Amino acid sequence: MTSAAHSTESLVDALLASLSHDLKTRLTVIAAAADNLRRSVPTAADQRDQSELILAETVRVNWILQNIIEVSHIETSTGGPPPEWCDPMDIVIAARGHVEHHARSHPIDVTTDVETPVWVKGRLAALALAHVLENAAQYSPDGSAIDVTVRSRQGELVIEVGDHGPGIGQADLPRIFDRCYRGALGIAVRPGTGLGLWIASRLLAANGGRVRAGNRPGGGAQFTISLPSASGISAAGF
């Protein structure tokens, strides 16, 4: 086995190992909720609560599996889906759909001045943006908005995501996109794998793009996604 093949195998294995515990936990919750419904005669309220729990956890399992599939494609050099003409707002809407169950307490305010389609791998872009949105929701007070700005700049599609949380420590900024890295604040806030922003950066790299992290002048973190949009070429056939 070549060193490159071994490196790819290691990355995929690390992803599977890191997510396996989360996946097992979600399936355990689903099984317990289904068993509660089977064993008793629940009230209407209990039935609704258990059903909503099953739905939310099923969505989360699907989210985990999507990430395993997409990152595996990237790391094995298949590159994932081909680029296509996309409305930038469709990318935002798809990303918002991915996180609606685990970011429901945060309104997502979107501002855009982009009116033309862009040539990108839309599915990867939406998954990457979803990870950034989820990260913003995790570190923001309940009820606070997540601000998303979509604009075109010098042949790039730029998506900025700002939150109203405590921001990112200066010591954490250089490593924020490392695999399994969690800063002191992240460890204190809630348990996690530290994979979300790493996955986002890999998905964007496969799209020819990148993501940068910083802090907003008025407080909170800001992530800037840049994607080559190819919007200057003809969109015939879109």
Count - residues of segment 6-45 that are at pLDDT 80 or above and more than 19 Å from ILE68 (Cα to Cα): 14
Given (1) within 30 Å of ASP49 (Cα to Cα); (2) part of a helix (DSSP H, G or I); (3) touching a helix residue (DSSP H, G or I) at 6+ places or on another chain (Cβ under 7 Å); (4) at pLDDT 90 or above, number of the condition ILE91 does not satisfy: (1)
In segment 100-143, residue farthest from the chain's Cα centre (by Cα) [restricted to those that are hydrophobic (A, V, I, L, M, F, W, C), within 15 Å of LEU157 (Cα to Cα) and modelled with pLDDT of 90 or more]: VAL110
Residue in segment 16-28 that is under 23 Å from the mean Cα position of the chain (by Cα), within 20 Å of GLU100 (Cα to Cα) and basic (Lys, Arg) present: yes
Selection count where residues are surrounded by 11 or more Cβ atoms within 10 Å (Cβ to Cβ) and either of a type in the set (A, V, I, L, M) or part of a loop (DSSP other than H, G, I, E, B) (or both), scope segment 104-120: 11
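The values are calculated or read from the model by the stated rules, or taken from the named source; none is laboratory data. Here the structure is a predicted model, which means the values were calculated and not measured. We place every Cβ from the backbone using ideal geometry, glycine too, and count neighbours over all the protein chains shown.
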